[in-house]
Every structure is written in structure tokens, then in C-alpha cells.
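Taking it in order: structure first as C-alpha cells, then the write-up.
The values are calculated or read from the model by the stated rules, or taken from the named source; none is laboratory data. Just so you know, these numbers come straight off a predicted model, no measurement behind them. Counting neighbours? That spans all protein chains shown, and the Cβs are built from the backbone with ideal geometry, glycine included.
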Amino acid sequence: MTTTIIGFPRIGHHRELKFATEHYWKKQISQDELFTIAKNIRQAHWQAQVDAGIDLIPVGDFSFFDSLLDTANLLNIVPERYRQLNLSPLDEYFAQTRGRQDESGSVKALSMKKWFNTNYHYIVPEFSKTTQVKLVGTQLFDQVAEAQELKVPVKAVITGPYTLLKLSRFIDEATPKEFVTDLISAYQSVLTKLAEQHVQWVQIDEPALCLDVTVSDKQIFDQLYDGILTNKPETKVNLQTYFGDIRDIYNDVISKDFDGIGLDLVEGPYNRELLAKTGFPADKTLFAGILNGKNIWRNHYANTIAELEGLNIDSNIVLSTSCSLLHVPYSAEDETKLPSDVQQHLAFAIQKLGEITDLDKIYSHQADGNTILNKNTELFSSVKHPVNETVRTQIASLTHDDYIRLPVRNEREQIQKDEFKLPILPTTTIGSFPQTKDVRQNRSKFRKGEISREEYDQFNNDKIKRIIKFQEDIGLDVLVHGEYERNDMVEYFGEKLAGFVFTQNGWVQSYGTRGVKPPIIWGDISRTAPITVKDTVFANNLTNKLVKGMLTGPVTIFNWSFPREDISPKESVTQIALALQEEVLDLEKHDIKIIQIDEPALRENLPLRKSNWFSDYLDWAVPAFRLVHSKVAATTQIHTHMCYSEFGDIIEAIDALDADVISFEASRADFTLIDQLVDANFQTEVGPGVYDIHSPRIPSVQEITDLINQLITKLPLEKIWINPDCGLKTRSETESFESLKNIVDATKKVRSEI
Ligand code: GLN
Ligand code: ZN
């Protein structure tokens, strides 16, 4: 059988692309040097696939920053303001990804959004009335030629026009429909070029087909592909979907002149039903996405083979991954410090290549197929995830009441106001203060064993003292300890909870040159010792003002980790929630009156189809958060914080978290969210960010005053908090100190005028 994958991680085995790109940005290497490094990376990745025995190798999945933007630029979709800088194509591309400010001019970057239900972020292409879609770029064809020279069996990869239109932004009243005709000819030109290069297959990625497809979406899809597939040249076209099923458009897809259709059989189990009920055309090839492209675990071969056999179709099948391997780290062989039972269950990108070819050997009854299968079965028969009976019993005995905090929020609101006696429009921050170089150095020295625990703590305590003093001096109302002890808001908690393990090199691209190294959930999760109590209490003892405790919420810890698969997400997240509940009660016992439980990633794992939002996710995610704080006293105020995404469509779920206060990112979105909150009769007190911490700009007192004045016309005065829109960790002290001072001054000004 033929084997393939949808795409390969592109940052390089040791993140070479990241480092080279950053060196290029700092003008430490030339464009040619960057190109050579990139070429070597591509070659190494193709070679790894050839060595593993993959038959069709994706080419075009490489990117200097983001594939969607690559496709846009290939098709001349570059906003005028970037062209006007008169830069080289590479610099014009980077200007779109990260903005530019120098003698050539000053432009902001295009915006960035989360790629479907992953933690990868894409650059949002922009169409305007002046956009002229046509094939202008050569990058894809150059890479194809490069691969062919190396005798790599090429499958060219490009993002499809439907997904491009769905994910792009349309300005000055331009609409997607206007671009359909030009997109058809542009994609036809792409196919013609690839045919001239004798490319056997092209994979057109259309993950957006796994979202809800409306009637007008469907018309656009039909128009696009009826056009593109007319007089199709020799090169075969595989319409590749992933991250879910394509129930809304399946009939249209199978009736068109595609040579292959790629379905995700892991995250889109309903695709199996479509195959069974509606059938699959015998003259087309099914690219069967049977190997999980997102998880990091070994595949259970016997189960996968049974699933493949169950497909029961007469067509050609190509064995493939469920999605691009972009979402997993490079190789599990790099991990040398994990317990061996964990280690042997890991499959990162390199191991997954081997798994695809293993599955082929088993499925097509090749000589060593049986041995491979038996070895795999044996591996799974011995797997033992650490079980914590106490936690299991606790979960089994949870009842409805465990998720309900009493008295109800309205009553608590009054009790807390009487207790805290805060001024109107109380001011606070989101938690972290700048992680300056000395803070990071202190941590790294401690990790390397160069300084003692006492020295490490002493340094952080001094930082806490200094920042408490600063907050008192400028007049903030609710203070924080600054989170100096935290490297990362999830890793920090993971390291202190039983059940997690950590990789040394498990980097996954988050966007551009940025990566994350998610913790792995391996066993049952429990709290073995207090986590944040010491630092919070230390800060609390330094001041008469209220100090807010800072926790990362259960859903965010779960969503930013690699989950285990032998128990449900609900079960794991409930375990985390119980561990955090202990921490919350411990903080409360130590006289911490305000506790913030951050959930920036709450929205992140929403299922792609709206109809599944509650049943598959919110129905357990929201209760998990409630469980964390349901047992605190009425006089303890629970805050939460959210950022990175739009919340307009899950307002009710957010209110249902039953927090007392929520702070969120709003300054960039022109406060549109506020109107939505008002419409939804939102009950939680709100702190919409009045300082965009993602930008080095310092907002002036006047600017913030105007924002606050806007806020108080929209929301009830007694429900408003004033704060930045996220943690200050990545900012410099100069910028953030001045900005915070301006926030407090602006608030005082507004208070005095009310
Ligand atoms: N409390 C965290 C901080 O201030 C919140 C971070 C986040 O929202 N991502 O850094
Ligand atoms: Zn945030």
C-alpha cells in the first residue's frame, strides 16, 4: 500500500530554523545563509521520510513562518502597505509576520490567530478591494524542483482556496465572493505548473471543511472546485481535510473530480459513518488519516488495523496521518531523562513515520508484519499509568453540590464589598511582572545547581519585596507577588503536581520562531505539597493591602499539556481541579482573600462544530473550574483571567464559571466584547484590559481615562475593575511601570470626576 504523511514539523531537529531566522532578523546572518540553512533542513526532513519508507513525501509544507501566509503570498495577496516598503520578497514576507519599523517605513504585523483547535497560530491574510489574486510566487515550485533533484517522491502541498477565504480578513468592504474567479485561475495555474514539473500528486489542504459549512459556504466551495477541476491537467489532486469530519459537505466532495480525498479518521470519527453510510467512489483514492498526528503516543497497531479493515471500501487506500505532524515534537529519541515505561510509549514525528510504514507492513501481510504486530501488542499489554486510588475514590464520590458555590454570586458580591471596602473601579494587575534577565538567570543558575535553594529563594523574595513596594507606591488596590518563581504558567504547576512528566527537547511550533514544550500527563494527578502558598503568604505579610493569589486553572493546564489517552479528558481535568481545590483552600486558610484562577486557554479546545461545543467540551470544562473554587467562603473573592481569543460566542459559559471577577484582553478589540457582555446580561464583575501589554507602547493617562470613561457608560460602575489586558512577564520594567502608573492616575482622575 502507498504511505504518506500530511506534513512534517519544519523548525528542524534542534530548532535550527528558529535560531537561523532570529539571527537573520538581527542581521547576524545574510539571506543566502538563511536560505542554505532552510534548504538543509528541508533536505534532512525529506531524507528522514525516505529512510522510513514513506512513499509520497509532502513538499511545500516547509515555511519560514506560516503556510497560510505562504499560499497568500504565492497568489499575490500582499497588502499594499507592505509592498510600499520596497523590500526584498523575504523581508516583505517577514514584515507581514512581525511588522517593521526602520528607515523603510513603519507597519504593524498582520494579525495572528489560532489554527483550528491546535496551539499553532497562523497569520491572517488580508484581502481588500485592490487585491489582485494571481499566481506570482515560485517558492512551491522551487521546492518541488529541489526535492526532485534529490529524487524525493514528491507530493506537492498547498493550502486550498476555501480555507484561505474562510480564514482571511476582508477590509474596505471586499467580500470573499469577489475573489472566486481569480482564485480559480490562480489555482489552475498552480496545477498546470506542477503538471509541467511532472508532479504525481498535489495535496490541497482544506481543513476549514471540518468547521460548520453554511449554504453560502457550500456555494463558494462548489464554485471554486468546479472551476479549478475543469480541464484538470495530469497531476492528481487530493483534497485533504483534517481536525474533524466533513459531514456538511461530504456529498459535494465525493461527487467532484478529485482523484483523492483525505479524511481524518482520528479526530473525525464521524467520517467513518459517512464512508459506511454514503460510500466512497471506487475510482478515487482514500487518503486514510488513521495515525494520530497530534498525540505523542505510540499507536496501538491491532486497533488501527481493525479500524482500517472495518472501512470496507473497494477504492485505493493511502495510509496517512490524521493531520500534519507540525503539532508534535521532532523525535522521542532525544529524550534521555524520562522513565523507561514512559519513553517506550512515546512517538514523536520521526517515530510516527516508522509507525505508518509498520502499519503498511501489517495491513498488507508483509513478511515481518506479524512480528511487528506482536511486539506492539506486547508493549500495550504491559502499560501501567500510575493510579492514585484516593483521587479516584474522591472523583467517584463527587456530587452535584461539589460544583455549586454558595451563597450565590449576587449575595457574595455585597459581602465582599463590605469586607474589602475597595474604592470604586479597583485597580489590579494580571499577575506576572517583567521576567527580567536577572530573574531568568537566577532560575537557570538554580536549575544548574550553581546556587542553593536558599540563595534562589532569597533572590525571589527580594524581588517580591521590591514589587510589593512599587505597587503600594503607585497606589494599586489589589497587589500581586509578581510570579518571579514561574518559568511558564503550566510547566510551573505541572512540576509541582504528581502525574506529569517533562521532555527536554519536546518543542512544538506555536507561531513563527516561537515554540512550546508542553508537559505530558502520564499518571493520575494529585497535589503532594502546597504550590504557591509560601510566595503568596510572604507577599501578603509585607503589606496591609490585599494580595491576590495566582493559580493556573485546570482547563488551561490540561489544554496546554499532552493528555494521556487511557482515561477521558474529563477524568484528567477533574483530577487537576481537585488538586487545585486543595491549593485554593490552603491559600484561603493562610488568609489570602482574593485568588485568581487563570483560564487563558479555555476557549482553545472548543470543538470545531458548534453543535459539539457543550456535549464534547464545555459540559466538563466549566464544572472543572467550578470544582476548584466551590468550597471557599463568601468572603473569598475568586478572579479569573482570559486572553488570546475572542469570547463573544461563549459568554454564557464564562459567566457559568461562577467566578466573582474576570479580567480579559479587550483593548485591541475596541471594546466590542463589552457590548456583547451587556447584551448577554453578564453577571461576573469585569476588568477589561485598558493597557495592551503585547505592544511596547505606553498608554497615556489621557488615553486610559478615555477608555475608562467609555467603560463606565456601558457597564454598571460597581462591576468594573481596571487592569492591563494580560500578565507583564514579557515587557520591560520601564514600559510596564510607567504604564501601570498611568493606569492608576487615570483611574483616580475618573473617580474624582464621578
Ligand atoms: N497570571 C498570568 C500572568 O500574569 C496570566 C498569563 C496569561 O494570561 N497567559 O502571566
Ligand atoms: Zn493573559
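Please note which strands (runs of 3 or more DSSP E) are completely contained in segment 187-278 and include at least 2 residues that are in contact (Cβ under 8 Å) with a residue 60 or more places away in the chain and not aliphatic (A, V, I, L, M). Before you say what the answer is, go through the steps one by one.
Details: elements: 201-205, 236-240, 260-264.
Once the strands (runs of 3 or more DSSP E) in segment 187-278 are filtered for at least 2 residues that are in contact (Cβ under 8 Å) with a residue 60 or more places away in the chain and not aliphatic (A, V, I, L, M), what remains is 201-205, 236-240.
Sort out which residues of segment 626-645 are out of contact with any strand residue (DSSP E or B) (no Cβ under 7 Å at 6 or more places or on another chain) and within 16 Å of ligand 1 (Cβ to nearest atom), and write them in order of number. Break it down into steps so the answer makes sense when it comes.
Taking segment 626-645 and keeping what is out of contact with any strand residue (DSSP E or B) (no Cβ under 7 Å at 6 or more places or on another chain), we get 626-627, 630-631, 633-635, 644.
TYR644, the sole residue that qualifies.
Within 16 Å of ligand 1 (Cβ to nearest atom) and either among the hydrophobic types (A, V, I, L, M, F, W, C) or over 18 Å from LYS534 (Cβ atoms) (or both) - does that describe any residue in segment 582-591?
So in segment 582-591, the residues within 16 Å of ligand 1 (Cβ to nearest atom) come out as 583-584, 587.
Filter once more, keeping what is either among the hydrophobic types (A, V, I, L, M, F, W, C) or over 18 Å from LYS534 (Cβ atoms) (or both): 584, 587.
Yes, segment 582-591 contains at least one residue that is within 16 Å of ligand 1 (Cβ to nearest atom) and either among the hydrophobic types (A, V, I, L, M, F, W, C) or over 18 Å from LYS534 (Cβ atoms) (or both).
What tally of residues in segment 425-439 results from selecting those that are more than 24 Å from the chain's Cα centre (by Cα) and over 28 Å from ASN709 (Cβ atoms)?
4
Select from segment 721-735 the residues that are closer than 23 Å to HIS639 by Cα and away from ligand 2 (no atom under 14 Å from the Cβ) and write down the one among them that is surrounded by the most Cβ atoms within 10 Å (Cβ to Cβ).
ILE722
With the requirement that a residue be buried (at least 23 other Cβ atoms within 10 Å of the Cβ), closer than 19 Å to ILE313 by Cα and aliphatic (A, V, I, L, M), what does segment 215-265 give you?
LEU239, ILE246, ILE261, LEU263, LEU265 - these are the residues of segment 215-265 that are buried (at least 23 other Cβ atoms within 10 Å of the Cβ), closer than 19 Å to ILE313 by Cα and aliphatic (A, V, I, L, M).
Taking helices (runs of 4 or more DSSP H) that fall entirely within segment 330-422, which contain at least 1 residues that are farther than 26 Å from LEU497 by Cα? Let's see the steps before the verdict.
Details: elements: 340-343, 349-363, 369-381, 389-396, 409-420.
It comes to 349-363, 369-381, 409-420.
Residue by residue through segment 623-665, note down the ones that are within 14 Å of ligand 2 (Cβ to nearest atom), among the polar types (S, T, N, Q) and under 28 Å from LYS589 (Cβ atoms).
Once the filter is applied, which keeps residues that are within 14 Å of ligand 2 (Cβ to nearest atom), among the polar types (S, T, N, Q) and under 28 Å from LYS589 (Cβ atoms), segment 623-665 yields THR640, SER663.
In segment 684-742, what residues are more than 16 Å from ILE430 (Cα to Cα), in contact with a helix residue (DSSP H, G or I) (Cβ under 7 Å, 6 or more places away or on another chain) and of a type in the set (D, E, K, R)?
If the condition is that a residue be more than 16 Å from ILE430 (Cα to Cα), in contact with a helix residue (DSSP H, G or I) (Cβ under 7 Å, 6 or more places away or on another chain) and of a type in the set (D, E, K, R), then LYS714 is the only one that fits.
Please work out which residue is modelled with the lowest pLDDT, limiting yourself to segment 573-607 and to residues that are within 16 Å of ligand 2 (Cβ to nearest atom) and not small (Gly, Ala, Ser).
Filtering segment 573-607 for residues within 16 Å of ligand 2 (Cβ to nearest atom) gives 596-604.
Right, trim to not small (Gly, Ala, Ser) and you get 596-600, 602-604.
Numbers: GLN596: 98, ILE597: 98, ASP598: 98, GLU599: 96, PRO600: 92, LEU602: 93, ARG603: 89, GLU604: 85.
Result: GLU604.
Condition first: within 16 Å of ligand 2 (Cβ to nearest atom), farther than 20 Å from LEU398 by Cβ and in a loop (DSSP other than H, G, I, E, B). Now tell me which residues in segment 547-572 satisfy that.
Passing the criteria: only TRP560.
How many residues does segment 504-540 contain that are under 30 Å from ILE467 (Cα atoms) and part of a loop (DSSP other than H, G, I, E, B)?
Of the residues in segment 504-540, the ones under 30 Å from ILE467 (Cα atoms) are 514-519, 527-540.
Subsequent filtering for residues that are part of a loop (DSSP other than H, G, I, E, B) retains 517-519, 528-532.
Adding up the residues that qualify gives 8.
How many residues are more than 14 Å from SER695 (Cβ to Cβ), touching a strand residue (DSSP E or B) at 6+ places or on another chain (Cβ under 9 Å) and outside any helix (DSSP H, G or I) if we restrict to segment 726-754?
Looking only at that region, the number is 2.
What number of residues within segment 512-521 satisfy the criterion of being touching a strand residue (DSSP E or B) at 6+ places or on another chain (Cβ under 8 Å) and surrounded by fewer than 20 Cβ atoms within 10 Å (Cβ to Cβ)?
The qualifying residues number 3.
Show the residue pairs meeting these rules: Cβ distance below 8 Å; 6+ apart or different chains; first residue within segment 529-545 and more than 11 Å from GLU472 (Cβ to Cβ); second residue buried (at least 19 other Cβ atoms within 10 Å of the Cβ) and of a type in the set (S, T, N, Q).
Filtered contacts from segment 529-545: ASP535/ASN460.
What's the total number of residues in segment 710-725 that are touching a residue at least 24 places away in the same chain (Cβ under 8 Å) and either among the polar types (S, T, N, Q) or not in a helix (DSSP H, G or I) (or both)? Before you say what the answer is, go through the steps one by one.
Residues of segment 710-725 that are touching a residue at least 24 places away in the same chain (Cβ under 8 Å), as a first pass: 710-712, 714-715, 717-725.
Narrowing the set further to residues that are either among the polar types (S, T, N, Q) or not in a helix (DSSP H, G or I) (or both) leaves 710, 715, 720-725.
Residues in segment 710-725 being touching a residue at least 24 places away in the same chain (Cβ under 8 Å) and either among the polar types (S, T, N, Q) or not in a helix (DSSP H, G or I) (or both): 8 in total.
Could you grab me the full set of residues in segment 417-438 that are more than 10 Å from ligand 1 (Cβ to nearest atom) and within 23 Å of ASP692 (Cβ to Cβ)? Even if it seems obvious, please write down each step before you answer.
From segment 417-438, those more than 10 Å from ligand 1 (Cβ to nearest atom) are 417-428, 434, 436-438; that's our starting set.
Scanning segment 417-438 gives LEU425, PRO426, THR427, THR428, PRO434, THR436.
Do we find a residue being more than 16 Å from ligand 1 (Cβ to nearest atom) and among the basic types (Lys, Arg) anywhere in segment 692-706?
yes
When residues of segment 118-157 are filtered for being outside any loop (DSSP other than H, G, I, E, B) and either under 27 Å from the mean Cα position of the chain (by Cα) or not aromatic (Phe, Trp, Tyr) (or both), how many remain? Give the steps one after another, and end with the answer.
Filtering segment 118-157 for residues outside any loop (DSSP other than H, G, I, E, B) gives 121-123, 126-127, 139-149, 154-157.
Imposing the further condition that a residue be either under 27 Å from the mean Cα position of the chain (by Cα) or not aromatic (Phe, Trp, Tyr) (or both) reduces the set to 121-123, 126-127, 139-140, 142-149, 154-157.
So the count comes out to 19.
I'd like to verify a number: residues in segment 316-340 that are touching a Leu at 6+ places or on another chain (Cβ under 8 Å) and modelled with pLDDT under 95, how many?
Matching residues across segment 316-340 total 0.
Which count do you get for residues in segment 407-424 that are free of Cβ contacts under 8 Å to residues at least 60 places away in the same chain and among the charged types (D, E, K, R)?
Going through segment 407-424 one residue at a time, the tally reaches 2.
In segment 539-561, which residues are farther than 20 Å from PHE433 by Cα and in contact with a strand residue (DSSP E or B) (Cβ under 6 Å, 6 or more places away or on another chain)?
Hit for segment 539-561 is SER561, nothing else.
Consider segment 176-187. How many of its residues are surrounded by fewer than 24 Cβ atoms within 10 Å (Cβ to Cβ) and either touching a Lys or Arg at 6+ places or on another chain (Cβ under 6 Å) or under 27 Å from GLY244 (Cα atoms) (or both)? Don't jump to the end; show me each part of the working.
Initial filter on segment 176-187 (surrounded by fewer than 24 Cβ atoms within 10 Å (Cβ to Cβ)): 176-178, 180-182, 184-186.
In the following step, the residues that additionally are either touching a Lys or Arg at 6+ places or on another chain (Cβ under 6 Å) or under 27 Å from GLY244 (Cα atoms) (or both) were identified as 176-177, 180, 184, 186.
Qualifying residue count for the region: 5.
Consider TYR492 carefully, then state whether it is outside any loop (DSSP other than H, G, I, E, B) and within 16 Å of ligand 2 (Cβ to nearest atom). I'd like the intermediate steps shown before the answer.
Numbers: outside any loop (DSSP other than H, G, I, E, B): yes; within 16 Å of ligand 2 (Cβ to nearest atom): yes.
Answer is yes for this residue.
Yes or no, residue by residue, for (1) surrounded by fewer than 18 Cβ atoms within 10 Å (Cβ to Cβ); (2) within 16 Å of ligand 1 (Cβ to nearest atom); (3) closer than 30 Å to THR747 by Cβ:
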{"site": "ASN442", "(1), (2), (3)": "no, no, no"}
{"site": "ASN460", "(1), (2), (3)": "no, yes, yes"}
{"site": "LYS465", "(1), (2), (3)": "yes, no, yes"}
{"site": "PHE470", "(1), (2), (3)": "yes, yes, yes"}
{"site": "ASP473", "(1), (2), (3)": "yes, no, yes"}
{"site": "ASP477", "(1), (2), (3)": "no, no, yes"}
{"site": "VAL480", "(1), (2), (3)": "no, yes, yes"}
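So which pairs qualify, if the first residue must be in segment 651-676 and aromatic (Phe, Trp, Tyr), the second must be at pLDDT 85 or above and within 16 Å of ligand 2 (Cβ to nearest atom), the Cβ gap must be under 6 Å, and the two must be at least 6 apart or on different chains?
Pairs that qualify, where the first residue is aromatic (Phe, Trp, Tyr) and the partner is at pLDDT 85 or above and within 16 Å of ligand 2 (Cβ to nearest atom), are PHE664/MET642.
Residue-wise test of (1) touching a Gly at 6+ places or on another chain (Cβ under 9 Å); (2) at pLDDT 95 or above.
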| position | (1), (2) |
| --- | --- |
| SER611 | no, no |
| PHE625 | yes, yes |
| ALA633 | no, yes |
| THR636 | no, yes |
| HIS639 | yes, yes |
| ASP660 | no, yes |
| GLU665 | yes, no |
| ASP670 | no, no |
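So, in segment 707-731, of the ones that are within 16 Å of ligand 1 (Cβ to nearest atom) and among the charged types (D, E, K, R), which residue ends up nearest to ARG486 (Cα to Cα)?
LYS729
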